[in-house]
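Enquirer: So that we are looking at the same thing, I have put the structure below in structure tokens.
The values are calculated or read from the model by the stated rules, or taken from the named source; none is laboratory data. The structure presented is a predicted model; accordingly, all values stated were derived computationally and were not measured. Glycine gets a Cβ as well: all are built from the backbone with ideal geometry, and neighbour counts include every protein chain shown.
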Amino acid sequence: MHLIVPFAGVASEAGRQALHDLPLPNLQRLLARLQPEAPDTGDELSLSPPHERALARALHWPVTDGRLPFAAQEAHAKGLPDAPWAWLTPVHLHVGTEQFTMTDPASLQLDEPASRELLDALRPLLETEGFTLHWAAPQRWLAAHPMFDELATASLDRVIGRNVDPWLPDQRAARLLRRLQNEVQMLLYTHPLNDRREAAGLSTVNSFWASAGGRLPDRTAADAPVIDDRLRGPALAEDWVAWREAWAQLDGQVLAALAATDPPRLTLAGERSALTFTAQPQGLWQRLSSSFKRPAPAALLESL
């Protein structure tokens, strides 16, 4: 079993402080018996966060920042034609004095009828520009277009709660996408669905975000890792009390179960880097000494 834990560490100083007195006994036991592989080092400015890079590597994909084709993987699973696909996510961009900030798409509480109504409203505009559209989920549409063969885009996990401007693609291939985002904002401004949402006290849907674009590689591993993303929501919301509680649950339930598998494989991903730990053959002295060397989880997680 290979377990990937996104947002195991965070860049926020408040988040790192939340780790200091948090007991994680099962994680500590796992770290004592597993050996680290070469780290995936980076920074918090990469378009693809470490947990997405770790998943791509586990699937035996080439890793190119901003071009990890998770949308094409979903399209293939749905029996859609081979093409450069991307996810389009309906979003609310909050207008500030000097910037647009993306709110968490989950907070929009879109249901299937509302999501399909929005997609149908955008369909004529996008299909005129050569897009092939497919509804996948309330917060996720599939879109195929030749631009996604080359276009690097930022993961939603990089943009939620932040100013979107630094994350907008600036390649020549993105000119059409940026124009369409502007046109979609104007179209949705007067859409009846948004009038109903405002009357109900809900945020409007005023744009979309493209991510996970590209064409599915020829080779994909048969067995995908297990991803436990319970830390993601609290981390993106910067709710460090909830993040601590989620870490305690993860340690007490999932990591305890992982320790009982043979052999366990664990990837801890932060906002900058990821570390994968695997079981390696050990001699008698290594087995004895490992019982005395217990890496401090907090220090390791702060480094991610």
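Enquirer: Can you pull out the residues in the stretch 93-112 that are assigned to a strand (DSSP E or B) and either over 19 Å from the mean Cα position of the chain (by Cα) or of a type in the set (D, E, K, R) (or both)?
Expert: Answer for the stretch 93-112, where residues must be assigned to a strand (DSSP E or B) and either over 19 Å from the mean Cα position of the chain (by Cα) or of a type in the set (D, E, K, R) (or both): HIS94, VAL95, PHE100.
Enquirer: Quick check on my filter: what residues within the stretch 43-64 are farther than 14 Å from LEU275 by Cβ and hydrophobic (A, V, I, L, M, F, W, C)?
Expert: LEU45, LEU47, LEU55, ALA56, LEU59, TRP61, VAL63
Enquirer: Can you go through HIS92, HIS60, HIS76, HIS51 and tell me which one is farther than 19 Å from ALA210 by Cα and of a type outside the set (Gly, Ala, Ser)? Give the steps one after another, and end with the answer.
Expert: Working: HIS92 fails: farther than 19 Å from ALA210 by Cα; HIS76 fails: farther than 19 Å from ALA210 by Cα; HIS51 fails: farther than 19 Å from ALA210 by Cα.
Step by step, each of HIS92, HIS60, HIS76, HIS51 is checked, and only HIS60 is farther than 19 Å from ALA210 by Cα and of a type outside the set (Gly, Ala, Ser).
Enquirer: Might you let me know whether the stretch 72-91 holds any residue that is exposed (fewer than 13 other Cβ atoms within 10 Å of the Cβ) and either β-branched (Val, Ile, Thr) or within 15 Å of the chain's Cα centre (by Cα) (or both)? Talk me through it step by step, then tell me what you get.
Expert: Of the residues in the stretch 72-91, the ones exposed (fewer than 13 other Cβ atoms within 10 Å of the Cβ) are 77-79, 81-82.
Imposing the further condition that a residue be either β-branched (Val, Ile, Thr) or within 15 Å of the chain's Cα centre (by Cα) (or both) reduces the set to none.
Checked the stretch 72-91: no residue is exposed (fewer than 13 other Cβ atoms within 10 Å of the Cβ) and either β-branched (Val, Ile, Thr) or within 15 Å of the chain's Cα centre (by Cα) (or both).
Enquirer: Going by the conditions given, is THR204 outside any helix (DSSP H, G or I), in contact with a Lys or Arg (Cβ under 6 Å, 6 or more places away or on another chain) and among the β-branched types (Val, Ile, Thr)?
Expert: Considered against the rule, which asks whether it is outside any helix (DSSP H, G or I), in contact with a Lys or Arg (Cβ under 6 Å, 6 or more places away or on another chain) and among the β-branched types (Val, Ile, Thr), THR204 comes out as yes.
Enquirer: Taking the options VAL95, VAL10, name whichever one is among the hydrophobic types (A, V, I, L, M, F, W, C) and touching a helix residue (DSSP H, G or I) at 6+ places or on another chain (Cβ under 8 Å).
Expert: Working: VAL95 fails: touching a helix residue (DSSP H, G or I) at 6+ places or on another chain (Cβ under 8 Å).
VAL10 is the lone residue from the list that is among the hydrophobic types (A, V, I, L, M, F, W, C) and touching a helix residue (DSSP H, G or I) at 6+ places or on another chain (Cβ under 8 Å).
Enquirer: I'd like the full set of residues that are buried (at least 17 other Cβ atoms within 10 Å of the Cβ) and part of a loop (DSSP other than H, G, I, E, B), limited to the stretch 113-167.
Expert: PHE131, PRO138, GLN139, HIS145, LEU151, ALA152, THR153, ALA154, SER155, VAL164
Enquirer: Scan the stretch 238-260 for residues that are among the small types (Gly, Ala, Ser) and surrounded by fewer than 15 Cβ atoms within 10 Å (Cβ to Cβ) and jot them down.
Expert: As a first pass, look at the stretch 238-260 and keep what is among the small types (Gly, Ala, Ser): 242, 246, 248, 252, 256-257, 259-260.
Answer for the stretch 238-260, where residues must be among the small types (Gly, Ala, Ser) and surrounded by fewer than 15 Cβ atoms within 10 Å (Cβ to Cβ): ALA248, GLY252, ALA257, ALA260.
Per-residue answers, yes or no, for (1) in contact (Cβ under 8 Å) with a residue 40 or more places away in the chain; (2) more than 24 Å from LEU80 (Cα to Cα):
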position	(1), (2)
TRP167	yes, yes
TYR189	no, yes
LEU193	yes, yes
LEU202	yes, yes
TRP209	yes, no
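Enquirer: Considering ALA77, ALA56, ALA32, which residue is without any contact (Cβ under 8 Å) to a residue 24 or more places away in the chain and outside the structural domain of GLN181 (by TED's automatic domain parsing)?
Expert: Step by step, each of ALA77, ALA56, ALA32 is checked, and only ALA56 is without any contact (Cβ under 8 Å) to a residue 24 or more places away in the chain and outside the structural domain of GLN181 (by TED's automatic domain parsing).
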